[in-house]
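Visitor: Attaching a single structure in C-alpha cells format; questions to follow.
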Ligand SMILES: Cc1cc2nc3c(=O)[nH]c(=O)nc-3n(C[C@H](O)[C@H](O)[C@H](O)COP(=O)(O)OP(=O)(O)OC[C@H]3O[C@@H](n4cnc5c(N)ncnc54)[C@H](O)[C@@H]3O)c2cc1C
C-alpha cells in the first residue's frame, strides 16, 4: 500500500455487542429499557438515540404550550404513578421520564447523539449489525445485537410535513412548522395565521393568543374537540382519602380506560348522539351566537381521527375573548402579505405557522437489509402490529391512536421480554413470524382501514407500511381492550413463531 492509500484508508470501526439494541429513547424506548431490566435482568442491552436527550416527541416539539392530548394516568407508564393533572406539558412529561431513568439506573444504558443509518441481518450469524454515527464527533460506530427493538416512533423527527402551496416563496414574513420552532421567536404583537385544526393548532393558538396581536386558526375542515376541566376527580378524591399512590394510579387508569371503551363503542353505535354532545361542549364555551356549525362541526364520524382534548376549553376561551379566531376556508395561494383564500378573502399575516402534520417515518429511516437483500417493509405482513413476516429478531412499538400510546408500549414490552426469555429457554437464536398454511389465502390489506382511522400522515404513507391480514393476529387492531388480555396469552409455541 502506498502512502496516499494509507492516508485514505478509513479507520477501523469499533464494534460493540449487546443482546438487545433499542432504537430511540422516547417513551417507548425508555419503557423498553425499564422492562428489560426487570423482566430479563441478565440481558445486555443498549438504547441508541439520535437526539441529545431522552423524551422523543417531548423534546422534539418545543412550540409554545406543547402538551399531551391524552391523560397522563394512561400515557404514563403502568409501573410509575402519575401525580399531576391529567393533561401535562412536555416539561412535566420529561421530568417524569427523567425520574424513571434515575430511579431505575437506566442512564448507563442510553447513548445519545447516536444516529442509526443501517441495520443488516445475517442468518449465518443470527445477528443484526447496526451502523451508527455519533453526531457530535462524526465518528462511525458499529454495533451487533441479537434482537432489535424498534422504538423509533412513527414520524420523522428532523422536519414536519408542510404542503407545497403556490406563492410560498413570495411571502415576506416567516413560515414556521411547529416541529422546528425557532428558539426565541418574537411573536409579540404580530398577526399570526396557524394553518391546521388538529391537536397542535389547538394547543398553539391559546398559548400564543395572549401575546401576539391576533391569531387566526385557518382550517380546511373542522375537527372534533373535547373540552373539560384538566382534573381527574376520582384521583383527587382518592388522594383526599390518603389512598396509596400506586393504588390511585391503578384505579384511575381502570376508570379512564373503562370510560374510553364506552365512549369508543358509542362512536360506532350512536355516532350522531356523540357528535352532538361534542359540539354542545364547544358551544358551551362559545355561546349561542357563534357559528359552531361552520367551524366546529366535522362531517366525519367522531374518532375517525384522533380526538383532541382541550383542557379547560382554553382554545375556546381565547376565541370567546376575541384574541383568536377561526376561518374555515381553503388556501388559494400565499401572497407577499399573507394568504389568499378560495372564497376570495385574504388573511394578512406576519408569521404563518404550518401545523400540518408529520412525515410518516417507517423504521427510523434506517436502511434495512436481510441477508444482503434490501428489506421492502411494505412486502411484509404484520404480526399484531409488532413483528413482521421474514424479519427475524425484531419488534416494533406502534402504539394506539384512540388510547394512550404507552398502554401499548407496556404491552409490547411484556411480549418482547417473554419472547426473549422463551428463546433463551429453548436455546433458540432466531425467531421469525410466518404465515401458517391456513393463513396463506388470507386477503392482504393496507396497514389500517381508512374507514376506521385516516389521519393525513397515514393516508400519505400507507404504501410504505406493512400489510395487514384479514385475521386479528395479522393486524394492529388498535383495540387495547382486547389486546390487554390477548397479548399475555399469546402462545409462543404457536406455528406463527418459527425458531432456529
Ligand atoms: C405533539 C405531539 C403530541 C402527542 N401527544 C400524545 C398524547 O397525548 N398521547 C398519546 O398517546 N400520543 C401522543 N402523541 C403521539 C406520540 O408520538 C407518542 O405517544 C409517543 O410519544 C411516541 O413515543 P415513542 O417513544 O414511541 O416515539 P418518539 O417519541 O417518536 O421517539 C422516538 C425516538 O427515536 C429516535 N430515533 C428515530 N429514528 C432514529 C434513528 N434512526 N437513530 C437513532 N434514534 C432514532 C428519535 O430521535 C426519537 O427520540 C403525540 C405526538 C405529538 C407529535
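The values are calculated or read from the model by the stated rules, or taken from the named source; none is laboratory data. None of these values were measured; they are calculated from a predicted model. Every residue, glycine among them, receives a Cβ derived from its backbone with ideal geometry; neighbour counts consider all protein chains shown.
Visitor: If you take the residues in the stretch 169-187 that are away from the ligand (no atom under 16 Å from the Cβ) and in a strand (DSSP E or B), which one is nearest to residue 356 (Cα to Cα)?
Guide: Taking the candidates together, the pick is 175.
Visitor: Which one of these does residue 331 not meet: (1) over 23 Å from residue 461 (Cβ atoms); (2) touching a strand residue (DSSP E or B) at 6+ places or on another chain (Cβ under 8 Å); (3) modelled with pLDDT of 95 or more?
Guide: (1)
Visitor: Checking the structure you have, find out if any residue of the stretch 144-165 is surrounded by fewer than 18 Cβ atoms within 10 Å (Cβ to Cβ), touching a residue at least 60 places away in the same chain (Cβ under 8 Å), away from the ligand (no atom under 11 Å from the Cβ) and not in a loop (DSSP other than H, G, I, E, B).
Guide: yes
Visitor: So, one more: Taking the stretch 17-33 as the search range and keeping residues that are more than 10 Å from the ligand (Cβ to nearest atom) and not in a helix (DSSP H, G or I), which one is nearest to the chain's Cα centre (by Cα)?
Guide: Looking at residues that are more than 10 Å from the ligand (Cβ to nearest atom) and not in a helix (DSSP H, G or I), I get 21.
Visitor: Return only the number of the condition from (1) within 13 Å of the ligand (Cβ to nearest atom); (2) under 16 Å from residue 465 (Cα atoms); (3) touching a helix residue (DSSP H, G or I) at 6+ places or on another chain (Cβ under 7 Å) that residue 383 does not satisfy.
Guide: Answer for residue 383: the failing condition is (1).
Visitor: Read through the list (1) surrounded by 14 or more Cβ atoms within 10 Å (Cβ to Cβ); (2) in contact with a helix residue (DSSP H, G or I) (Cβ under 8 Å, 6 or more places away or on another chain); (3) without any contact (Cβ under 8 Å) to a residue 60 or more places away in the chain, then give the number of the only condition that residue 482 fails.
Guide: Result: residue 482 passes all but (1).
Visitor: Do the conditions hold for residue 361, that is, is it surrounded by fewer than 20 Cβ atoms within 10 Å (Cβ to Cβ) and touching a strand residue (DSSP E or B) at 6+ places or on another chain (Cβ under 7 Å)?
Guide: Considered against the rule, which asks whether it is surrounded by fewer than 20 Cβ atoms within 10 Å (Cβ to Cβ) and touching a strand residue (DSSP E or B) at 6+ places or on another chain (Cβ under 7 Å), residue 361 comes out as yes.
Visitor: For the stretch 45-62, give me each residue that is buried (at least 18 other Cβ atoms within 10 Å of the Cβ) and either at positive phi or more than 8 Å from the ligand (Cβ to nearest atom) (or both).
Guide: 45, 46, 47, 55, 56, listed by residue number.
Visitor: Going by what's in this entry, would residue 449 be described as surrounded by fewer than 19 Cβ atoms within 10 Å (Cβ to Cβ), under 29 Å from residue 254 (Cβ atoms) and modelled with pLDDT under 95?
Guide: yes
Visitor: Okay, moving on. Just give me the residues in the stretch 50-76 being closer than 18 Å to residue 159 by Cβ and in contact with a strand residue (DSSP E or B) (Cβ under 6 Å, 6 or more places away or on another chain), in sequence order.
Guide: Passing the criteria: only 50.
Visitor: What about residue 114, is it within 9 Å of the ligand (Cβ to nearest atom) and farther than 30 Å from residue 209 by Cα?
Guide: yes
Visitor: Can you find a residue that is surrounded by fewer than 19 Cβ atoms within 10 Å (Cβ to Cβ), more than 14 Å from the ligand (Cβ to nearest atom) and not in a strand (DSSP E or B) anywhere in the stretch 189-209?
Guide: Within the stretch 189-209 (the criterion being surrounded by fewer than 19 Cβ atoms within 10 Å (Cβ to Cβ), more than 14 Å from the ligand (Cβ to nearest atom) and not in a strand (DSSP E or B)), the answer is yes, since at least one residue qualifies.
The rows are residues; the columns are (1) modelled with pLDDT of 95 or more; (2) crowded, with 17+ Cβ neighbours inside 10 Å.
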| residue | (1), (2) |
| --- | --- |
| 263 | no, no |
| 267 | no, yes |
| 320 | yes, no |
| 337 | yes, no |
| 354 | yes, yes |
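Visitor: How do the pairs read when you match residues in the stretch 67-80 that are touching a residue at least 60 places away in the same chain (Cβ under 8 Å) and closer than 20 Å to residue 104 by Cβ with residues anywhere that are near the ligand (Cβ under 8 Å from one of its atoms) and assigned to a loop (DSSP other than H, G, I, E, B), using Cβ under 7 Å and keeping only pairs 6 or more apart or on different chains?
Guide: Partner pairs satisfying both residue conditions: 75/68; 75/404.
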